[in-house]
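See below for the structure under consideration.
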Amino acid sequence: MAIKTNGFIDGIFPEELKRVLQSLAMEWGDVVEDMKALQVIPMKGAMTNEVYQVNWPTKGGGEGIHRKLLIRIYGEGVDLFFNRDDEVRTFECMSNHGQGPRLLGRFPEGRVEEFIHARTLSAADLRDPETSALIAAKMREFHNLEMPGSKTVSLWNKMRDLLGEARSLCTARDAKEFRLDVLEDEINMLEKEISKGCHQIGFCHNDLQYGNIMIDEETKAITLIDYEYASYNHIAYDLANHFCEMAANYHSDTPHIVDFSKYPGHEERCRFIRAYLSSSGDKPTEDEVLQLAQAVENYKLANHLFWGLWGIISRYVNQIDFDYLEYARQRLQQYWKIKPMLLLDSSVNSCDSNGYAGVGTREGA
């Protein structure tokens, strides 16, 4: 069977991918040699790459007996959002930490990964209190990883880079609608107001939607996958991103629609943050929970801007069937809607001994 993407001809594997698979076949020794026997199953929900499950029949194994692997085809234009070599290094390092699938091989258009025998979460799973607590603990573990490379937060400069790309790609009409002429001032303002050196920094996933979280149904072990956007960042941003993803369902009839009424309320957010802080073994005070909760709410503004710009750029460079422009429209409209509620006075930047901003609590998606 074949992959039909990025110009590949239906029914034919590209030669570089064939060589990777042939090498795996020699290493495993128990799979059939005829690649036409491979079953390739598209996996839904990806918005940047195209991902396929491959069932590879084994020799004499009988019907239904096969090995599984995963083939990831890189989306077009993704180099505007992250450095692929950095992402692969992160992938390999995460694997060495026992945090994700193994890298089985690379080819110019993508890579071959170990297939994890676990279930990818659904949108509804994120709202289950037990599952949510497991995710919170895994996020804390992820944030505490020691990873190679710079530990400098690049969020703000990255957003400026994305804005520059959006301006270069957009039509004059889109640029006016999305107010691209004022977004640099907004980015500068946010950096000044909500990130004045007092927020905890950790190694963040930065794209923790439900499709990037897997659970072993027997052991309840959580695995985070897809590290394309992973970097050192403010942990409050990573938590804000996860909360924003609770409002999305990429497997619905309208996957580009974000229902902000489903953004978790104050109690649900605090429950998650309490589980996050408690996972290290120390019980947090209620003030610590509330302080981090408000920092998360402020970073929600940066999250809406980032993914709004991502959507605008993706509209012009990615061919995946997803209404990127409408997605961007929603994220940026939400930014302007909640900005007056979340931007506080200078007290937002006061810090306690734990490095969290000392502020109160407010609602709003």
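The values are calculated or read from the model by the stated rules, or taken from the named source; none is laboratory data. All figures in this text were calculated on a predicted structure; none of them were measured in a lab. FYI the Cβ positions are ideal-geometry reconstructions off the backbone, even for glycines, and counts take in every protein chain you see. Calculation scope for accessible area: heavy atoms of the full protein, side chains included, ligands and nucleic acids excluded. Shrake-Rupley method; radii C 1.70, N 1.55, O 1.52, S 1.80 Å.
At a glance:
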item: Volume in Å³ per residue [convex hull over Cα atoms, computed for the stretch 266-335]; result: 111 Å³
item: Probe 1.4 Å, all protein chains present, accessible-area order of His266, His205, largest first; result: His266, His205
item: Relative contact order computed over the stretch 245-293 (Cα-Cα under 8 Å; 6+ residues apart), in percent; result: 27 percent
item: Per-residue SASA entry for Asp185, accessible area with 1.4 Å probe, Å² rounded to 10; result: 100 Å²
item: Cα-centre dipole for the chain with unit charges at Cβ (Lys and Arg positive, Asp and Glu negative), debye to 20; result: 220 debye
item: Dipole in debye (nearest 20) - the stretch 223-274, about Cα centre, beta carbon charges: Lys, Arg +1; Asp, Glu -1; result: 260 debye
item: With Cα atoms, 0 to 90° folded angle of helix 15-28 axis to the chain main axis; result: 80 degrees
item: Stokes-Einstein translational diffusion, the stretch 73-223 - Kirkwood Rh over all Cα pairs, 1.567 mPa s, 4 °C, in µm²/s; result: 71 µm²/s
item: Acute angle (nearest 10 degrees) that the helix 129-143 long axis makes with the longest principal axis of the chain, alpha-carbon atoms; result: 90 degrees
item: Scattering profile of the chain at q = 0.08, 0.09, 0.12, 0.15 Å⁻¹ [log10 I(q)/I(0), Debye over alpha-carbon scatterers]; result: -0.42, -0.53, -0.93, -1.39
item: Unit charges at the beta carbon, dipole of the stretch 285-329: most positive-side option, Tyr324, Ala293, His304; result: Tyr324
item: Size of the stretch 147-299 as Cα extents on the principal axes (Å, biggest first); result: 52, 42, 35
item: Cα centroid separation - the stretch 65-137 against the stretch 296-336, whole Å; result: 22 Å
item: For the stretch 191-262, the fraction of alpha-carbon pairs in successive 5 Å shells from zero, as %; result: 3, 15, 18, 21, 18, 15, 7, 2, 1, 0
item: Those residues of the stretch 149-163 whose amide nitrogen sits under 19 Å from the label point placed on Ser95, 7 Å along Cα→Cβ; result: 149
item: Ala124-His251 pseudo-label distance in nm [points 7 Å out on the Cα-to-Cβ vector]; result: 1.0 nm
item: Point-to-point label distance, Ala137-Thr152, nm (Cα→Cβ direction, 7 Å offset); result: 3.7 nm
item: Cα pair distances exceeding 19 angstrom across the stretch 100-177, given as percent; result: 70 percent
item: Efficiency of FRET between Leu145 and Lys220 - r from beta-carbon atoms, R0 25 angstrom, step 0.05; result: 0.75
item: Most positive-pole-ward Cα, Gly60, Ile235, Gly75, against dipole of the chain from beta carbon charges; result: Gly75
item: Loop-resident sites, the stretch 81-148, for trypsin sites (Lys or Arg not before Pro), counting at most 16 other Cβ within 10 Å (DSSP); result: Arg102
item: Å² of accessible area per residue within the chain, as computed with a 1.4 Å probe and no ligands counted; result: 45 Å²
item: Where Ser195, Ser122, Ser150 fall by accessible area, highest first, once all protein chains stay in place (1.4 Å); result: Ser150, Ser122, Ser195
item: Radius 15 Å from Cβ of Thr131, net charge of other residues (Lys, Arg +1; Asp, Glu -1); result: -3
item: Share of carbon and sulfur in the accessible heavy-atom surface of the chain [1.4 Å probe, %]; result: 48 percent
item: Spin-label proximity, Ile65 to the stretch 13-44 - amide N less than 18 Å from point 7 Å beyond Cα toward beta carbon; result: 28-34, 37-39
item: In sequence order, calculated HN-Hα J values of the stretch 204-214 (Karplus, 6.51, -1.76, 1.60; Hz; x Gly/Pro); result: 9, 6, 6, 8, 8, 7, 4, x, 9, 10, 10
item: Amide H contacts under 5 Å for Arg67, placed H, 5+ residues apart; result: Trp56, Thr58
item: About the Cα centre, charge dipole magnitude for the stretch 169-288 (Lys/Arg +1, Asp/Glu -1 at Cβ), debye; result: 180 debye
